[in-house]
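The values are calculated or read from the model by the stated rules, or taken from the named source; none is laboratory data. Just so it is clear, the model here is predicted, and its values are computed rather than measured. As a convention, Cβ positions derive from the backbone with ideal geometry for all residues, glycine included, and neighbour counts pool all protein chains shown.
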Amino acid sequence: MARLFDAYIMVDWSAASKPATGANSIWIGLMAKDARLKFHFTAVNPPTRLNARDIIRDLTEKLVKRGDRVLIGFDFPLGFPAGTAAALSLDTGAMPPWSAMYAHLSSKMKDKPDNNSKARFAVAASMNYAISKGPFPFWGAPKNEQVNTLAGTKTPFTDDRPVAEHRMTEQALRDAKAGQPKSVWQIYGNGSVGSQALTGIPHVHALRQDWPNSRIWPFETGPGPLTEDSLDGVSVVMTEIYPSLIKAKPAQGETLDEAQVREIASHYASLDEKGALAALFSTGNSPDEGKNVKIISEEGWILGV
């Protein structure tokens, strides 16, 4: 069976407010064929998010120009729990909820060429106000960023709330005891993937707009599995990844982040070689139709869960 992809770009994102390199910063790992058609891994450690987007764009466009189909994985949530767009009163008449969220966040989060935006706390506070008029559902902030609509601690998620604490894909990971993914609503403190989503989704949105022949899985491809026929005319697939699914041991001189993008890129390349990657593009163990509608329209899914 032929490979679905020819190159694999894995991204370890960061929500740091200032330019940073090294540990706990942005790492971009590329697994692609060299001049001798052998797979080779390289890593880049850009200091800012806008710089990272430029690098991802340049790498991808060079690969596509030479005829490669590229898989790009981002290690942050690409969707929000079902009902989020409705709770924000976003217009979903002309676009699905996930796309309305992408447009909304892109209008609010603006990174600068030489610095990262710190607007995520203000954006989260304003979204909380729209949803609950109080400090729900986003939570977590340093004291100088805490306001009436953004608290340092979590407001309980109860059945009467408009959104759940976790997406179905995160709950599936937890139920399988394969990981303990954090909630997209946590934006400060250890494991605050919410900040990564707020800062990262606008860049995914920009890349998707730049590339007509790209697709975001599973929003634009369906629940899967992917096939060569379903990818006809598609040169780039962007998806959410969870690097902790693969154990990574840093080599000498490597940070853990660099090791993780190396290992996950190698993992997907190896599975693709064996014809086993396509099956991972599936939204879980046959969830019912109602759940799949929510997954594809708003929540998204982690590759391989």
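When you look at Pro250, is it out of contact with any His (no Cβ under 6 Å at 6 or more places or on another chain), surrounded by fewer than 22 Cβ atoms within 10 Å (Cβ to Cβ) and within 17 Å of Met10 (Cβ to Cβ), yes or no?
Spelling it out, Pro250 is indeed out of contact with any His (no Cβ under 6 Å at 6 or more places or on another chain), surrounded by fewer than 22 Cβ atoms within 10 Å (Cβ to Cβ) and within 17 Å of Met10 (Cβ to Cβ).
Just checking, does region 195-218 include any residue being assigned to a loop (DSSP other than H, G, I, E, B) and at pLDDT below 95?
For region 195-218, residues assigned to a loop (DSSP other than H, G, I, E, B) and at pLDDT below 95: absent.
Please specify each residue of region 101-122 satisfying the condition of being of a type in the set (D, E, K, R) and either in a helix (DSSP H, G or I) or loosely packed, with under 13 Cβ neighbours inside 10 Å (or both).
Scanning region 101-122 gives Lys108, Lys110, Lys112, Asp114, Arg120.
Of the residues Asn148, Asn128, which single one is over 14 Å from Gln186 (Cα atoms) and not aromatic (Phe, Trp, Tyr)?
It is Asn148.
For residues in region 142-167 being touching a helix residue (DSSP H, G or I) at 6+ places or on another chain (Cβ under 6 Å) and farther than 16 Å from Phe121 by Cα, which is surrounded by the fewest Cβ atoms within 10 Å (Cβ to Cβ)?
Pro162
Which members of region 33-60 meet the condition of being closer than 24 Å to Arg215 by Cβ, touching a residue at least 40 places away in the same chain (Cβ under 8 Å) and of a type outside the set (A, V, I, L, M)?
Listed by number, the residues that qualify are Phe39, Arg49, Arg53, Arg57, Thr60.
Please verify whether region 158-180 includes one or more residues that are small (Gly, Ala, Ser), out of contact with any Leu (no Cβ under 9 Å at 6 or more places or on another chain), under 27 Å from Gly304 (Cβ atoms) and in a helix (DSSP H, G or I).
Within region 158-180, one or more residues are small (Gly, Ala, Ser), out of contact with any Leu (no Cβ under 9 Å at 6 or more places or on another chain), under 27 Å from Gly304 (Cβ atoms) and in a helix (DSSP H, G or I).
Restricting attention to region 271-292, which residues are surrounded by fewer than 14 Cβ atoms within 10 Å (Cβ to Cβ) and either without any contact (Cβ under 8 Å) to a residue 60 or more places away in the chain or not in a helix (DSSP H, G or I) (or both)?
Hits for region 271-292 are Lys274, Gly275, Ala276, Ala279, Asn285, Ser286, Asp288, Glu289, Gly290.
Being part of a loop (DSSP other than H, G, I, E, B) and β-branched (Val, Ile, Thr) is true for just one of Thr221, Thr239. Which residue is that?
Testing whether each residue is part of a loop (DSSP other than H, G, I, E, B) and β-branched (Val, Ile, Thr) leaves just Thr221.
Answer with yes or no whether Phe80 is modelled with pLDDT of 95 or more, of a type outside the set (Gly, Ala, Ser) and outside any helix (DSSP H, G or I).
yes
So, of the residues in region 14-59 that are surrounded by fewer than 22 Cβ atoms within 10 Å (Cβ to Cβ) and among the aromatic types (Phe, Trp, Tyr), which turns out to be farthest from the chain's Cα centre (by Cα)?
That would be Phe39.
Among residues belonging to region 173-191 that are farther than 19 Å from Lys247 by Cα and surrounded by fewer than 21 Cβ atoms within 10 Å (Cβ to Cβ), point out the one that is modelled with the highest pLDDT.
It comes out as Gln186.
When only residues in region 66-115 that are free of Cβ contacts under 8 Å to residues at least 12 places away in the same chain and hydrophobic (A, V, I, L, M, F, W, C) count, which is farthest from Met31 (Cα to Cα)?
Step by step, filter region 66-115, then rank; the result is Ala94.
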